[in-house]
Structures are given as C-alpha cells and as structure tokens.
Amino acid sequence: PKEHAGDEEGTPWQWAPVRIPQVDASRAAQDLYSSKHDVRQAALRELTSLALTEASPRHVLERCVLEHKDRDTRTGCLVALRPLARKLDPTKRVVIQAFRQDQEDYVRREAEEQMMYFSGAAKAEAIQAFLEKAAQGLIPGALNGIGDVPNLDLAIRR
C-alpha cells in the first residue's frame, strides 16, 4: 500500500507515515505468524495480556494489524489493541491506518468501531479518514454519529 494514499489526489491534508519500533522476536511474536491457526490464536492470547503492561508486545500487535497476511489474525490483533487504542496515541494511529489501508471490510469495520471513541487530535484524524473513504464512495457508518464535520464540503465536492 502507498504510504500516503490519497495525498496525490488533492486532499487538503497529508498523512504522516506510521512507524512501529522493531522488537526482539519472542516466541509469541514468532508464533503469531505460524501457519497453524491454533498456534496463532494461542500467541494472540498471550500477546493480548502482555500488551496491557509492556510496550514490546503492543508493538508486535500493531505490526500484525498492518502487515499480517491473514485477515482473521489482523482483526484479532486489532481487537487485542482495543483498550490501548483508547489511551495511546501511537496505537490510535495504527487503528486509523488499518481503517484507511486494509482491503478487508471486516478489518475496516473493527477499526471504524474503535475510532468512534477517539478524542482530541485522534478524533480529528479519524474524521479525516472517514472523509477520505467518503470521497472514495465508501461512506462509513460512523459519519452518521459524529455530528458536525469540518471539511465535509471538500469531500462532497471531490
């Protein structure tokens, strides 16, 4: 996927690249990419509990959301990040990036649901991502519940 999808198409904003720190590969991080479904699920459960108190497992989950080949595993990693996405800005950016770039509706719907609870600068970025999808003809259901949306006229005009 393009790093700044939409920028060259005339949107009035630019998306900064999402960078996730490289981490040492633990057993659970390696198992998350196993070809066996049950091994991936066990690793996901372990990483989910560890991510609440440690940064390294959170980074593994964030990378999984953006890079894993399996849709269900990407979604599982996104679900695992729910509590962290409400309070950590880097994780919010990963959720927004998943909404913007993932090709699977299933993954995008989970990201959209999480983005509804963002506040501050992350809420403004979430609205921009919703507008970007609207400009592409994909109207996120979240736009219905947001209320007054700045720049909506730009998306409509586009």
Problem set entry | Potential extension, Gln103-Arg71 segment - 0.36 nm per residue separation minus Cα distance | 10.6 nm
Exercise. Over the stretch 18-72, what percent of the accessible surface lies on carbon and sulfur atoms, probe 1.4 Å?
Worked result: 48
Seminar exercise, completed: The rounded separation in angstrom of the Cα centers of the stretch 29-66 and the stretch 84-110 is 16
For this session: May I ask for the Kirkwood hydrodynamic radius of the stretch 22-118, worked out over all distinct Cα pairs and given in angstroms to one decimal?
Result: 13.0
Problem set entry | Contour excess over end-to-end distance, with Cα ends at Gln14 and Val79 and 0.36 nm allotted per residue | 20.7 nm
Seminar exercise, completed: Taking 58-70, 89-101 and ranking on average Cβ neighbours within 10 Å, highest first, one gets 89-101, 58-70
Exercise. So how many Lys-Lys pairs in the stretch 59-135 land under 22 Å Cα to Cα, not counting same-chain pairs under 8 apart?
Worked result: 5
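The values are calculated or read from the model by the stated rules, or taken from the named source; none is laboratory data. Owing to the predicted nature of the structure, the values given are computational and were not obtained by experimental measurement. Note that each Cβ is placed from the backbone with ideal geometry, even for glycine, and that neighbours are counted across all protein chains shown. Just so you know, the surface numbers come from the protein's heavy atoms only, side chains and all, with ligands and any DNA or RNA stripped out. Shrake-Rupley method; radii C 1.70, N 1.55, O 1.52, S 1.80 Å.
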